[in-house]
Amino acid sequence: MPPEQPPLRQSSRFLFLYALAWAGGSVAYVPFLSLLLPDQVSMLADTRAVYWLASLTFIGAVAASVGNIAAGYLSDITRNRRLWVITGLALSTVLLVMIGRLETFPLLVAAIICWQVAINMILGPLAAWAGDTVPDAQKGSLGGMMAFAPAAGAVSGAIVTIPGLASREMQFVLVAAMVIACILPLLLFGSPRPVKIVQAAEISPEKQFRAAVSHMWLARLLIQISEATLFAFLLYWFRSIDPDFSTYRAAHLLSVVLLITAPPALMIGRWADRRARPIFPLQASAVIAAGALLVMGLSKGLDLAIVGYIVFGISTNIFLALHSAQTLRVLPRSDRRGRDLGFFNLTNTVPSLLMPGLALAMVPTLGFQALFLVLAVLALIACALLMTLTRQR
């Protein structure tokens, strides 16, 4: 009898546990970087808060870039993704609790560097784990499930910033506890089926899959520049329109946007699997994001600004979730998947290196309107890159 062939689909149980763990990554950094850290910096730095936050964002992005590549590469060498996720979870938990108690800028810088390395010990190997275990026919569905991760991050931010719920230090402890609750089930109970994963190099000429990699990389980079800018300066932008706009209101708006995003992202991901059209949803999302940025740049009142941000948030989060899964299609080699995904992760961290300089150069003199116009052009260029990729495929 011929040998039994491995199944073509991964188990729903593993996909669910993986998506929950991926959500844990968002719970770790979304409330911390977008709400808790800016609030702590404002308390410590007062009038220099924007400059402190820009510096911390830059330094943290460098540490995250190096940490993600290194952790992914080490997980390739050791062939043990789980070990690195466990180590990163333990270290990031301790560091997050410590950061909430720091009161000087030098200590805060050192802690942010260490925390970024630790959290990327989770994210790098975890991303490669999906490439090891999820076949192409389920990558759209996986991307849709991953869209719940930003929603989880936003909801956790809304919870920990509820007035009167917890002190500033306890907010960091609550975030750490929620991260553990999300990631630990995969580490304890995640046992993927041994499915066959077809490599890009097996089905495409070398020149073709290299072009696919570069176009996917650049398109995500351009969208991430827009997303990172809003992620870091969202609160300051809303307060430029309405000085009374609160941290809790920003967290609540972010959570609503991301909760709205998740169900359609899941449906679109499944549609992309059924129709074998993995790139089209990315193109459409980029165009919609560009339009939303134009609305935000033209808005003079808070209501229109909020509408523009809602559309922007939905479109970019659908793009990023589906892109994260579809990227696994174009990586050519399983033995260096963690390392290659680390270089793809530069599309998440490089914008944080570029964004502070871009924002500080434009906003003080030209305002947020000019910044949003530039970001809209970048989103349209991302769509054009993906259209070229479609023609090549």
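Couple of notes before you dig in:
- Relative to the globular-protein estimate of 2.2 N^0.38 Å, the Cα radius of gyration of the chain stands at 0.95.
- His323, His252, ranked by accessible area, largest first (probe 1.4 Å): His252, His323
- Normalised per residue, the accessible area of the chain is 42 Å², obtained with a 1.4 Å probe and no contribution from ligands, DNA or RNA.
- Sorting the Cα pairs of the range 228-280 by distance into bins of 10 Å, from 0 upward, gives 21, 33, 22, 18, 5 percent per bin.
- Averaging 1/r over each pair of different alpha-carbon atoms in the range 249-378 and inverting the result gives 16.4 Å, the Kirkwood hydrodynamic radius.
- A cut-off under 15 angstrom between Cβ atoms defines the neighbours of Ser12, and their net charge, with Lys, Arg +1 and Asp, Glu -1, is +4.
- Here the chain has 67 percent of its accessible surface on carbon and sulfur atoms, given a 1.4 Å probe and all protein chains in place.
- Sorted largest first by accessible area at a 1.4 angstrom probe radius, with every protein chain in place, the residues Glu103, Glu227 fall in the order Glu103, Glu227.
- Rolling a 1.4 Å probe across all protein chains gives Val66 an accessible area of roughly 100 Å².
The values are calculated or read from the model by the stated rules, or taken from the named source; none is laboratory data. All values derive from a computational prediction rather than experimental measurement. Don't worry about glycine lacking a Cβ; one is built from the backbone with ideal geometry, like all the others, and counts go over all protein chains shown. Remember, those area values only see protein heavy atoms, side chains included, never the ligands or the DNA or RNA. Shrake-Rupley method; radii C 1.70, N 1.55, O 1.52, S 1.80 Å.
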